[in-house]
Each structure stands twice: as structure tokens, then as C-alpha cells.
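For reference, the structure discussed in these notes is given below.
The values are calculated or read from the model by the stated rules, or taken from the named source; none is laboratory data. Treat the numbers as computed from the prediction; the structure is a model and nothing was measured. Positions of Cβ are backbone-derived with ideal geometry, glycine not excepted, and every protein chain shown enters the neighbour counts. All accessible areas refer to the heavy atoms of the entire protein, side chains included, with ligands and DNA or RNA removed. Shrake-Rupley method; radii C 1.70, N 1.55, O 1.52, S 1.80 Å.
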Amino acid sequence: MAPAQRCPLCRQTFFCGRGHVYSRKHQRQLKEALERLLPQVEAARKAIRAAQVERYVPEHERCCWCLCCGCEVREHLSHGNLTVLYGGLLEHLASPEHKKATNKFWWENKAEVQMKEKFLVTPQDYARFKKSMVKGLDSYEEKEDEVIKEMAAQIREVEQSRQEVVRSVLEPQAVPDPEEGSSAPRSWKGMNSQVASSLQQPSNLDLPPAPELDWMETGPSLTFIGHQDIPGVGNIHSGATPPWMIQDEEYIAGNQEIGPSYEEFLKEKEKQKLKKLPPDRVGANFDHSSRTSAGWLPSFGRVWNNGRRWQSRHQFKTEAAAMKKQSHTEKS
């Protein structure tokens, strides 16, 4: 039995030795893989005669998988802000390492010999590509120079038009010369002053008197409903305070707060807290508002003091006698 071998194209392990490369499945997988790479190689071959130079964009960092070498190759060649289309792929196809790997791949997988030349680039073709790349760079620089000149011409036109507008605004208006007489051009200011003076002066022409309007002419009569002013109350047209600025009578008289006070709110908040506690707890019904005397605590004989018990007893008796004596002196 032949040792186990793995086919990277079919992605499976086989035990039939070299016979696997002649199988239909392997040949079908090989053909499909070469057809996926062939369009990119053909596009790169077209660039040999006429290299294209473009401005760099992030899409030019795209890579393709070289089936013969088993590695990723950059399609385009970028330097700074310029990119030569398919420059990286052509450089890889013309390298001696790729040629060696292609010969090995074709021998191991028994691919068609006629297709091998499509995936190789001769040194003569790559030299021709370098010459066309130089021409492409020159033509690209010429186009960029033309674009820069056009932009500069547009900027000059805009700047010239702006200066003309500013100059027309800042130029003083022409003042008429009195020596030239009526033939001198008049400024708008002088014409306006003459027109205003002519309107103020009374006219000497005999104009027909204006007809008096007859208010008692016959026609549809209108009913006069009288003035709507309330006596004693002004309005905003007479200088009175607007109605939305007048305070309500209830606000003026009572000036009471709306809603509960802050103290009532705190009491209600404490009640709500107590409702959440268990009702049968110790001290639930204790009246906190009741008054208690100073001696409401029971006497334990001062057992918490330092020393022996008889010492605390004697001390207690001494203090009790002093208190009685002080009370007698106060009474007397």
C-alpha cells in the first residue's frame, strides 16, 4: 500500500500514489484553479505594451493567490501616491523563482503543457514593460501639469472677479461739475434732493379741486354697534397692563402654596417607609411623640462599672444621700 499523500487542490488524502493526479476529479480541480488565475494574468500581459499609471487608492493593495508558488502576490506596484497597474504581478511572473515553481507544479500535477507559457513572463517582455512604464509616468505627469494649470487659471479668474467687485464698491461716486451746466451728469443724490424739494414746495398750477365724498349716498346701510371699550378698564392700546400680566385675585388674597408643604412630604415619605416593614415588629405601635422622664431606664446596680459590686453599692448610696440633702436645701 502506498504511503498517504495529501492533494492541496482536491483537499483530501489519497493512498493510490501517483495515480491520483490522473484522476478526473484532480484534473477538474486543476483546470478550475488555473481558470480562476488566468484572467488576472491576461490583464497583466495587456499592461506590458501600455502601462497605466494612476493615483494611489487603498484598493491598489489587493493581492492574488499564485497557484504555482502557493503564496499571495500584490497585483499592483505602488510608490508614494502613484500606482502602476499590474506591476507587482508582472514582476512576480518574470522572476526565476516563479519559473522554477511553475515547472515543478506542471510536472507534479500533469497539467497541459500549452498553458504553461501563459503563466510565465519572459525577461524581454518585462523589459518592454519597464519602457512602457516610463512612458506612462511621463504622460501622467503631463496630465497632472495640465490639471494644475487649469486649476490655477480658474483661481486667477475668481480672484480677478473678486478684486473687480471690491474695486467697484470702494470707488467714490462721480461728483457733477457746476461749470458744465445742464450738460453735466447728475448724481443720484442730487436728483433725489431736487425731487424732495419740488414735492415740498406748493405747486403754482391750477389743479381741479378734489371731489368731496358724499357719505350719505344711497346704498346698503351699515349698523353701528357702538364702541366696545369697557368703562373703567383700559386695554393694551391705551397703555393699560395686559391681562396676562395681571395677578389673580386668589393669588393676591391668599398667596397660598399649591400642594403639600415640604414637612408634610417628609412625613408621608417616612410613613411609606414604615409600611414596607413587618407590622408585628417590636415597637411598631410605640408613640414617639410621648414624653418620657429621665429615670425611665431600670437600675441594674451599676454592674457595668469597674470594680467590685459592693463598691458600686456604696457609691450609689453616697450619691442618693447627696441628692436628698440637696433637695432639702432647695425646699428650705
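Of note:
- Area accessible to solvent at E91, 1.4 Å probe radius, in Å²: 90
- Sorted largest first by accessible area at a 1.4 angstrom probe radius, with every protein chain in place, the residues C71, C10 fall in the order C71, C10.
- The calculated FRET efficiency for the pair Y56 and Y22, based on their C-beta separation and a Förster distance of 41 Å, comes to about 0.30.
- Pairs from K118/K143; K31/K135; K25/K99 whose Cα-Cα separation, in the structure shown, is over 31 Å: K118/K143; K31/K135
- Sorting H76, H288 on solvent-accessible area from highest to lowest, probe radius 1.4 Å, gives H288, H76.
- Total formal charge among the other residues, if their Cβ is under 15 angstrom from that of E268, Lys/Arg +1 and Asp/Glu -1: +3
- Applying both filters, DSSP loop and at most 16 other Cβ atoms within 10 Å, to the trypsin sites (Lys or Arg not before Pro) of segment 1-104 gives R11, R49, R62.
- From the Kirkwood radius over Cα pairs of segment 36-141, Stokes-Einstein at 10 °C and 1.306 mPa s returns a whole-number translational diffusion coefficient of 111 µm²/s.
- Inter-label distance for K331 and D280, nm, one decimal - labels placed 7 Å from Cα along Cα-to-Cβ: 5.0
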